[in-house]
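Note sheet for the following structure.
The values are calculated or read from the model by the stated rules, or taken from the named source; none is laboratory data. Since we're looking at a predicted model, the values are computed, not measured. As a convention, Cβ positions derive from the backbone with ideal geometry for all residues, glycine included, and neighbour counts pool all protein chains shown.
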Amino acid sequence: MIWSALKVSLLVVAVATVLTTALGLALAFLLARRDFRGRELLDAVLTMPLVLPPTVTGYYLIVLLGRRGLLGAPLYAWTGWTLTFTWQAAVVAATVVALPLMLKASRAAIESVEPKYELASYTLGKSEWATFWRVTLPLARRGVLAGIVLSAARALGEFGATLMIAGNIPGKTQTLPLAIFEAVVSGDDRRAQTLALLLTLVSVTAVYLTNRLSRAPRAHAA
Amino acid sequence: MTATLQVQIKLRLAADVRLAHADHAHTGFALDLAFETRAGINILFGPSGSGKTTTLRAIAGLATPDDGRIAHGSRVLFDSAARINLSIQARRIGFVFQDSALFPHLTAAQNVAYGLRQPEQRARHERVRELLALFNVEHAAARYPRELSGGEQQRVALARALAAQPDILLLDEPLSAVDAPTRTRLLDEIDTAQRADGIPFLYVTHNHAEAVRLGAHLILLHEGRVVQTGRPLDVFNSPQGALAVRAVGTENLFTGRVIEQRMTDGVTIVEVQGVQLEAAYHALPVGSLITVGVRAEDIIVARERLTQTSARNVLAGHVRAIMRLPEQTELLVNCGVEIKVSVTAGTINALDLREGAEVFLLIKARAVHVVS
């Protein structure tokens, strides 16, 4: 049971981290470098899962993506497939909850890159796309990496929203935090302890890495 | 032949900036100017706040004018009437920033290579070496910007800008953060680079020595308007109108010939249109052409000839004109050459100065500095 939960967790965290990184970078660039109406509103909406009770986030995900949800109903009518109680649902829950951390760290990191470097790149004939990859991202990389580590750790620890939309199906949607919950409820203290220690270790490592990445301000040596 | 750059733009400042510059309130435009560049190095000269940097940014596309047209030869870069506004990338205009803006995560060589357009690896490598050599910074190829001196950073920035093969190169006070000896050498290198590359340069400065040393053509700005154009020395020595007088600043510039070197006394004698000036010693062979400068506020005015004085130059002349500007009063004194002298309004009364009055100008040798 430990092993199956570990397998589910690793899969969910891996996919959620890839999604969080891609979405987070694109949105962070948009929020940091583009001036548009509703920019701060968009930031607020995306940041909400950070402060909402995870069960509320989970509830909104059901309303949005459940079989009778706003997006879920047409999806079910079209494909006959529904997200709820699948491992993909656990990925969605983990991504939505982890995204704010990635977004906050990356937006701050991108905003701290002086625009003159981007302008210099444009005057050298480089497109905005090329400039982002070759100038902005390398200069923001510490903050972005910190965001990735933090959001991966958050995705690993995700419980409430996952339970709401993905359920607690061993071997399918039961991640490590859910397995701990079940172990405690069923009185299996040894297993709860082992799992708790494992997750603690991962979290401490993540926070340590994040601090290291954000402390040294800028060491650009190769 | 190189095509000229034609600039005719109007640009409003943001409301909060405009409040600080109440002078612009009458037209509502912070910039309202038109000029054309010539081949070679063009100088955009003016006191700080005259709109030099904003003009450069508008040409490069880093700022958008409210109205006007910018064209390079037949290529239109911006035209508000025709709704043309080329992207920064499409303008092919190089820009050397005041503080170099080298990419901190790339080495000097990587910075230069960043701008290159040729794809072939060998050719790229070769071109980077050539450009670093052109500015004498081959030794710094593998170093990061923070490991370079201010002068080296600007040399790499110049090499990087030329690597992208721009049609025009804009330079925004590139030597403002560079120490004096390095400045002299960099001026030579910029001049050489322009001759080697052949594209026109548009160089922003408020330094007379840089303008005279580099410029073939000078555009004088004052509060966002072009007030005079011409050869740098001509503009500096005969500014037309009060605005131009204010914009050129307080420097007297003279071109003359070294006629004698007195190394033991530490002086160089320069003859300017029949007038001999003692300048602080400068190692130049007798007979060479030289430009020297004297700041108008470094000159003392006396009504009688003083003899026991440390001022090595005592020139007799008469007041040709008195110009009262809000912030200073300037005398124009003819001593065989015309010399601007900056005095306070009180001095005019105390010495009973008026047009035609005979005066003696006292100038320390050290105040006569060599410009180029």
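So here's what we get for this one:
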read-out: Selection count where residues are in a strand (DSSP E or B) and more than 15 Å from B:ALA244 (Cβ to Cβ), scope segment B:323-337; value: 5
read-out: Sole exception among (1) assigned to a loop (DSSP other than H, G, I, E, B); (2) under 16 Å from A:THR95 (Cα atoms) for A:ILE148, by number; value: (1)
read-out: Which numbered condition B:VAL248 fails, given (1) at pLDDT below 85; (2) out of contact with any Leu (no Cβ under 7 Å at 6 or more places or on another chain); (3) within 23 Å of B:ARG183 (Cα to Cα); value: (2)
read-out: Complete set of residues in segment B:81-104 that are in contact (Cβ under 8 Å) with a residue 24 or more places away in the chain and in a loop (DSSP other than H, G, I, E, B); value: B:LEU86, B:SER87, B:ARG92, B:PHE97, B:GLN98, B:ASP99, B:SER100, B:ALA101, B:LEU102, B:PHE103, B:PRO104
read-out: Boolean, A:GLN174 is farther than 23 Å from A:PRO54 by Cβ and either part of a helix (DSSP H, G or I) or touching a Ser or Thr at 6+ places or on another chain (Cβ under 8 Å) (or both); value: no
read-out: Subset of segment B:131-149 [surrounded by fewer than 15 Cβ atoms within 10 Å (Cβ to Cβ) and either aliphatic (A, V, I, L, M) or assigned to a helix (DSSP H, G or I) (or both)]; value: B:ALA133, B:HIS139, B:ALA142, B:ARG146, B:GLU147
read-out: Total residues in segment A:6-21, condition more than 10 Å from the chain's Cα centre (by Cα), of a type in the set (A, V, I, L, M, F, W, C) and buried (at least 23 other Cβ atoms within 10 Å of the Cβ); value: 2
read-out: Residues that are over 18 Å from A:PRO100 (Cα atoms), in contact with a helix residue (DSSP H, G or I) (Cβ under 8 Å, 6 or more places away or on another chain) and hydrophobic (A, V, I, L, M, F, W, C), drawn from segment A:37-73; value: A:ILE62, A:LEU64, A:LEU65, A:LEU70, A:LEU71
read-out: Residue list for segment B:241-283, restricted to those being in a strand (DSSP E or B), over 26 Å from the mean Cα position of the chain (by Cα) and charged (D, E, K, R); value: B:GLU260, B:ARG262
read-out: Subset tally (residues that are in contact (Cβ under 8 Å) with a residue 40 or more places away in the chain and either touching a strand residue (DSSP E or B) at 6+ places or on another chain (Cβ under 7 Å) or small (Gly, Ala, Ser) (or both)) for segment A:1-53; value: 7
read-out: Residue that is surrounded by the most Cβ atoms within 10 Å (Cβ to Cβ), among those in segment B:39-56 that are more than 11 Å from the chain's Cα centre (by Cα) and closer than 16 Å to B:PHE201 by Cβ; value: B:THR55
read-out: Segment B:105-121, residues that are assigned to a loop (DSSP other than H, G, I, E, B) and modelled with pLDDT under 95; value: B:LEU116, B:ARG117, B:GLN118, B:PRO119, B:GLU120
read-out: Every pair of residues 6+ apart whose Cβ atoms lie under 7 Å, when the first sits in segment B:157-176 and is within 11 Å of another protein chain (Cβ to nearest Cβ) while the second is basic (Lys, Arg); value: B:ALA163/B:ARG127; B:ALA164/B:ARG117; B:GLN165/B:ARG117; B:PRO166/B:ARG92
read-out: In segment A:102-124, residue nearest to the other protein chains (Cβ to nearest Cβ) [restricted to those that are in a loop (DSSP other than H, G, I, E, B) and not aliphatic (A, V, I, L, M)]; value: A:GLU114
read-out: Segment A:125-143 - residue that is under 18 Å from the mean Cα position of the chain (by Cα) and within 13 Å of another protein chain (Cβ to nearest Cβ) and, of those, nearest to A:ALA28 (Cα to Cα); value: A:ARG141
read-out: Any hit, segment B:228-235, residues being at pLDDT 90 or above, of a type in the set (Lys, Arg), surrounded by 13 or more Cβ atoms within 10 Å (Cβ to Cβ) and part of a strand (DSSP E or B); value: no
read-out: Cβ-Cβ under 6 Å pairs, at least 6 apart or on other chains, segment B:40-68 side within 14 Å of chain A (Cβ to nearest Cβ) and over 26 Å from A:LYS126 (Cα atoms), far side of a type in the set (D, E, K, R) and crowded, with 24+ Cβ neighbours inside 10 Å; value: none
read-out: Condition met for B:ALA133 (more than 9 Å from chain A (Cβ to nearest Cβ) and touching a strand residue (DSSP E or B) at 6+ places or on another chain (Cβ under 7 Å)); value: no
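Every residue, every condition in (1) closer than 15 Å to A:LEU124 by Cα; (2) within 8 Å of another protein chain (Cβ to nearest Cβ); (3) buried (at least 22 other Cβ atoms within 10 Å of the Cβ), yes or no:
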{"site": "B:ASP79", "(1), (2), (3)": "no, no, no"}
{"site": "B:ARG83", "(1), (2), (3)": "no, no, no"}
{"site": "B:ALA90", "(1), (2), (3)": "yes, no, no"}
{"site": "B:PHE95", "(1), (2), (3)": "yes, yes, yes"}
{"site": "B:GLN98", "(1), (2), (3)": "no, no, no"}
{"site": "B:PRO104", "(1), (2), (3)": "no, yes, no"}
{"site": "B:ARG117", "(1), (2), (3)": "yes, yes, no"}
{"site": "B:GLU120", "(1), (2), (3)": "no, no, no"}
{"site": "B:HIS125", "(1), (2), (3)": "no, no, no"}
